[in-house]
Amino acid sequence: MAIVRTENLIKEYHQQSIVVAALRGIDLTINKGEFMALVGPSGSGKTTLLNLIGGLDTPSSGRIWIAGQEIGSLSKRKLSALRLWKVGFIFQEYNLIPVLSALENVEYVMLLQKIPDKERRERSVSVLAEVGLKGLEHRRPQELSGGQQQRVAVARAIVSKPSIVLADEPTANLDSATGGALLDLMRDLNERHQVTFIFSTHDAMVMKRAKRLVQLKDGQIVNDKIKPD
Amino acid sequence: MSLLKLAYRNLWRNKSRSSITLSAITVGLAALIFVWGFIDGMNEQTIENSTTYITGHLKIHKAGFHDDKALYLSMPHDLALQQRINDAPHVVAIAPRVEDKALLSGADEARGVKVIGIDPVLEPSVTTIFKAIKQGRYLQADDGNSIVLGDKLAAKADLKVGDEAVLVTQARDGSLAADRFQVVGLFDSGIDMIDASYVFIPLSAAQELYSLWGQITAWTLRIDNRQMAQDSARQLKNELGAGFDVLDWKQLLPEMVQMIRFHELMSYIVIFIIIVIVAVGVANTILMAVKERTREFGIMLALGTSQLQVIQLVLLESFILGIFGLLLGNVFGLLVTNYFANAGIDLTEFTLAMETMPGLTGSVYPLIRLDRVFFVSIVTLSISVLPALYPAWQVSRLQPVEAIQGVAKNAVHMAWGQTTSARSSTRLVFWRIAFRNIWRNPWRSALTSGATAFGLAAFLFLYAFTDGFFEQMIDNSIDFSIAHVQIEPKGYRDDYSAAYYLSQPDNLLTQVQQNPGVLAASPRIQVEAMISSPTKTEPLILTGVDSDLEPHVTRLDAVIIEGKYLKGNDTTDILLGRKLVDELDLRMGEKIVVTTQLADGSLVSGAYRLFGIYQTGNETFDRMFAYIGLRQAQSLLSMQDRVSTIAIRLQERDLSKITASDLNESMSGTGYEAKSWQDIMPVLVQMIDVTRLMFFVVLAIVFAIVAIGVTNTLIMSVLERTREFGVMLAMGTEPRFIVRMVVYESIVLGFIGIALGTLMGVLLVSYYSEYGVDLSDYSGATSAIPGLTNVVYPMLIFANLWLPTLVLFITGIVAAFYPASRAAQLSPVTALRHA
Ligand SMILES: Nc1ncnc2c1ncn2[C@@H]1O[C@H](COP(=O)(O)OP(=O)(O)OP(=O)(O)O)[C@@H](O)[C@H]1O
Ligand SMILES: [Mg+2]
């Protein structure tokens, strides 16, 4: 079943009078439960594509369906709701909310979802334990290492059980051991909960573990390879 | 690449940050220029009008006349000497005068006026009242008994051009003198004090009236430079010798000088407040702008930039901004001030109040003074550069790594809100984030709430001060003179004359006392009169009171400082104010003569013995009234048992309007009316209004600056957190929650600021309400104000304060909406890409 589908997706940036075509006609279908990666040289359009899929940005033309729903027609508010309930984000720079503790960062999404206090607390604590941060729940982001912060970000992205997690170079700032552990963790979640993971990466380790590699070049898909299990 | 170029580009790179800083500097400077211009304009106008309409720049008297003003101190009109003075350096023109007081009566009433006998040919080259002639004409060389008077006075005395007026006075030899004059012209200077109290007659007619043949009391002079009046006076004095006094306008108008000093003091206070608030606003913005770029500076340091260069860069940037702010602020400030300097600011609605400020007309024309502009420009430039020093120095000392990592040291570990509350809703989490964001940058928050607090505290104090000021005026006026309500014949208030009376006052008294709000009532007679000692005559208001009833209504009996309060109603005892007694140089028990007019216009005099002296502390009261027994007044004025008014004391001051309208209802058709103290003293009510108006102007400026300060702080803190908002949006936070969060922050900041400001204000007021604010240095200014003494006790009146406080609070919140909605409208992608 297609959880993400794009049709002739085009994204152009207008800089002064120059038009930069970041994506030039992307047709892509991603099924539920995939663990896939967008690869390609710098500037090829990976981040742009992830942003469009996550509803953070709107395409210049073309259409996107998330879980069967066309998102081009959604209002800002509906897009917010879509991101809240269906999509989790992990960024290269972790991007935690600095004034909230690890636990509160994880709780934040569920607060927006109005999940009852008790359930929210329990789930956050257990997700944090799952990503290996037991005992560090009350630390602020500044008091955590990069790897720990990225774990919080992962916990935050998966705690509300989204259908898709979009991760833009999640391991770029981590050493290979930490990155590897984090990938294991995500792979595990992917297998157990059927969460779809879409990465963008330059990291060979990510490419190795991904089940599917979509290669971009100059805003176009030049290769789409599903690895046999 | 030179530092200058780099600084310049940095400013352009972050346009919103730069424009915020710039706007803070610009608005602050423009406000300073305008406020100062307004105050200078007001003072300048007062001096110019007062000196050129009536007084002149210098006056020459026979030695001693200025202190005594007695006619025997006149001097011969020496034409040769006059010519010599005219030829002296700096003297532009000279004119001889005879000046004294008199009673002016028109159809049927008399009132005290200041008479100026002038040479119709010479006078216009010294003073400019001739320019203000509105009807008829100015005096001419061949005029005999002609008179020119102010339109206000004419209206009160019911005189028109062509009518005949009578001047009654005491001549040089002490005899009573009177003469008829034909009204040839009316002037309207726009200054009520002049239009209501001066009359001009030809010099020759004045010499005749006062028996001063060949004599004058003064020469008045115009010189080429008013500022140099003191020097010119000294030079002339040296030349003329000990037989003469030469006085400059500052000595001639000491009350005005004091009033100007008083205004200047007030303006320095207001300007100081504005400077502080502007300084905090600008400092805050610059502080944040530098802090925000810690990382950037870290990279520069890492690349080998020296600490000194970083500091230079920061200073250079704020200097460039400061210079631009200076230009813009000057342009705006000067444009606005210049516009009003030509158009004037119309305050005619408050003419009665302006009357208390001699020399002021209905419009104020702000004055641009380059030295002021220069001063505030320098101040503004310094406050836009100096605050950058601290963060620049701090940043330059950082290890590059620390700077790049965003200074972990800054992490404030907060106990507050750390223990995760049992219950939390979406709203609560935004409150929590808001609170923590405020703590995240404690300096910024402290400065922001500090500015609010300071503005509010200063405002509270000034407000309390004026409230204390007004309360004193009202209470003293009520206690010592007008009581809460008076019943009087219609028309009496325009003309204190025996022609207006209440017949059968006893019936009225009984009727009044049945009103539940009435505590006491007392019948009175009040007419305009003149009091004469052997050497001098002064106008005043003669009041006949019932010595038993009156103390229950007004409390003059409590401020007798010599002798006693009146006993019995039919003695020849008289009670006078301290000031008048000093002026007439009287001693207890001495005889004086009071002259007034009967209802039919004929003059009567009575002789009285000084029995007691009262002192209220206010000069107007202590000079303007004389008290005798009611019977005595009735017989002097042939009024039988009639009285002028019934003065009433109520249970409470605030009942005045209700009680007056109650009484009016019961008296309808009688031709009598009840007037509340507000009706009787419209000056007071208007003064309160005008002061309130001034306060609204000050308040508006303070609020505008506070609002800009709060907005700046929040815009900066929003800019700083652009990325964070991007993340929140990416995670599905609705934009309206982000608006809320930013608004919550401003609510907290505003709340802290207001709590602190109120606390500071209340403490300040409590201190001074205990010890009072001593205005004795400005007694000239305060004496013009009825009821005011030299010490003012500030007073916090909650009813007057909650609104401005609330408005300030709301201003802060409203100011937050701009940055908040800016944050909410961010596209998540742009926000996330924000460096
Ligand atoms: N906001 C923007 N304005 C203008 N051009 C942009 C913008 N965002 C991206 N681009 C351009 O679009 C193209 C694709 O950028 P994108 O960030 O998607 O690349 P990427 O594949 O993620 O690269 P990297 O691997 O370096 O992260 C690039 O040429 C980039 O310069
Ligand atoms: Mg990218």
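The values are calculated or read from the model by the stated rules, or taken from the named source; none is laboratory data. Not measured: the values here are computed from a predicted model. Methodologically, a virtual Cβ is constructed for each residue, glycine included, from the backbone with ideal geometry; neighbour enumeration extends over all protein chains shown. Surface accessibility is based on the protein's heavy atoms, side chains included, excluding ligands, DNA and RNA. Shrake-Rupley method; radii C 1.70, N 1.55, O 1.52, S 1.80 Å.
Looking only at residues in the stretch B:301-311 that are touching a helix residue (DSSP H, G or I) at 6+ places or on another chain (Cβ under 6 Å) and at pLDDT 70 or above, which one is most open to solvent (accessible area, probe 1.4 Å)?
Let us first name the residues in the stretch B:301-311 that are touching a helix residue (DSSP H, G or I) at 6+ places or on another chain (Cβ under 6 Å), namely B:301-302, B:307, B:310-311.
Right, trim to at pLDDT 70 or above and you get B:301, B:307, B:310-311.
Numbers: B:Leu301: 23, B:Gln307: 98, B:Val310: 0, B:Ile311: 32 Å².
Filtering the stretch B:301-311 for residues that are touching a helix residue (DSSP H, G or I) at 6+ places or on another chain (Cβ under 6 Å) and at pLDDT 70 or above, the one most open to solvent (accessible area, probe 1.4 Å) comes out as B:Gln307.
Out of the residues in the stretch A:12-53 that are part of a loop (DSSP other than H, G, I, E, B) and either without any contact (Cβ under 8 Å) to a residue 40 or more places away in the chain or within 13 Å of ligand 1 (Cβ to nearest atom) (or both), which is surrounded by the most Cβ atoms within 10 Å (Cβ to Cβ)? In this case the residue turns out to be A:Gly45. Considering only residues that are open to solvent by 30 Å² or more (accessible area, probe 1.4 Å) and in a loop (DSSP other than H, G, I, E, B), which ones fall in the stretch A:170-179? Passing the criteria: A:Ala172, A:Asn173, A:Asp175.
For (1) more than 14 Å from chain A (Cβ to nearest Cβ); (2) within 24 Å of B:Ala799 (Cβ to Cβ), each residue gets a yes or a no:
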position	(1), (2)
B:Asn437	no, no
B:Pro442	no, no
B:Ala446	yes, no
B:Ala451	yes, no
B:Phe459	yes, yes
B:Leu462	yes, yes
B:Thr466	yes, yes
B:Phe470	yes, yes
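Checking the stated criteria, B:Gly568 turns out to be over 33 Å from the mean Cα position of the chain (by Cα), surrounded by fewer than 22 Cβ atoms within 10 Å (Cβ to Cβ) and within 29 Å of B:Trp677 (Cα to Cα).
Just to be sure I understand, how many residues within the stretch A:108-123 are within 8 Å of another protein chain (Cβ to nearest Cβ) and either in contact with a strand residue (DSSP E or B) (Cβ under 8 Å, 6 or more places away or on another chain) or open to solvent by less than 10 Å² (accessible area, probe 1.4 Å) (or both)? Qualifying residue count, the stretch A:108-123: 3. For the stretch A:180-208, the set of residues classified as closer than 13 Å to A:Ile90 by Cα and in a helix (DSSP H, G or I) consists of A:Leu182, A:Leu183, A:Met186, listed by residue number. Each residue in the stretch B:790-835 was checked for being of a type in the set (Val, Ile, Thr) and assigned to a loop (DSSP other than H, G, I, E, B), and 1 pass. Only one of the listed residues (A:Thr58, A:Thr48) is under 14 Å from the mean Cα position of the chain (by Cα) and farther than 30 Å from A:Arg192 by Cβ. That residue is A:Thr48.
Remark: pairs (first residue in the stretch A:106-125, in a loop (DSSP other than H, G, I, E, B); second residue open to solvent by 10 Å² or more (accessible area, probe 1.4 Å) and among the hydrophobic types (A, V, I, L, M, F, W, C); Cβ separation under 8 Å; 6+ apart in sequence or on different chains) = A:Gln113/A:Leu84; A:Gln113/A:Trp85.
For residues that are within 12 Å of chain B (Cβ to nearest Cβ) and of a type in the set (Asp, Glu), scanning just the stretch A:124-161, find the one that is surrounded by the fewest Cβ atoms within 10 Å (Cβ to Cβ). Per the stated criteria, the residue is A:Glu143. Of all positions in the stretch B:329-337, none carries a residue that is out of contact with any helix residue (DSSP H, G or I) (no Cβ under 8 Å at 6 or more places or on another chain), part of a helix (DSSP H, G or I) and at pLDDT below 85.
For the stretch A:97-107, how many residues meet the condition of being of a type in the set (A, V, I, L, M) and more than 8 Å from chain B (Cβ to nearest Cβ)? Can you show your working first?
If we filter the stretch A:97-107 for residues that are of a type in the set (A, V, I, L, M), which is where we start, we get A:97, A:99-100, A:102-103, A:106.
Keeping just the survivors that are more than 8 Å from chain B (Cβ to nearest Cβ) gives A:102, A:106.
Number satisfying all stated conditions: 2.
Among the residues in the stretch A:65-76, are any in contact with a strand residue (DSSP E or B) (Cβ under 9 Å, 6 or more places away or on another chain), within 16 Å of ligand 1 (Cβ to nearest atom) and modelled with pLDDT of 90 or more? No, the stretch A:65-76 contains no residue that is in contact with a strand residue (DSSP E or B) (Cβ under 9 Å, 6 or more places away or on another chain), within 16 Å of ligand 1 (Cβ to nearest atom) and modelled with pLDDT of 90 or more. Among residues of the stretch B:1-24 that are within 17 Å of B:Phe297 (Cα to Cα), those with a Cβ under 9 angstrom from a residue that is open to solvent by 60 Å² or more (accessible area, probe 1.4 Å) and not in a helix (DSSP H, G or I), sequence gap 6+ or separate chain, pair up as B:Arg9/B:Met1. Scanning the stretch A:56-93 for residues that are within 16 Å of ligand 2 (Cβ to nearest atom), assigned to a loop (DSSP other than H, G, I, E, B) and either open to solvent by less than 30 Å² (accessible area, probe 1.4 Å) or away from chain B (no Cβ under 13 Å) (or both) yields A:Leu56, A:Phe91.
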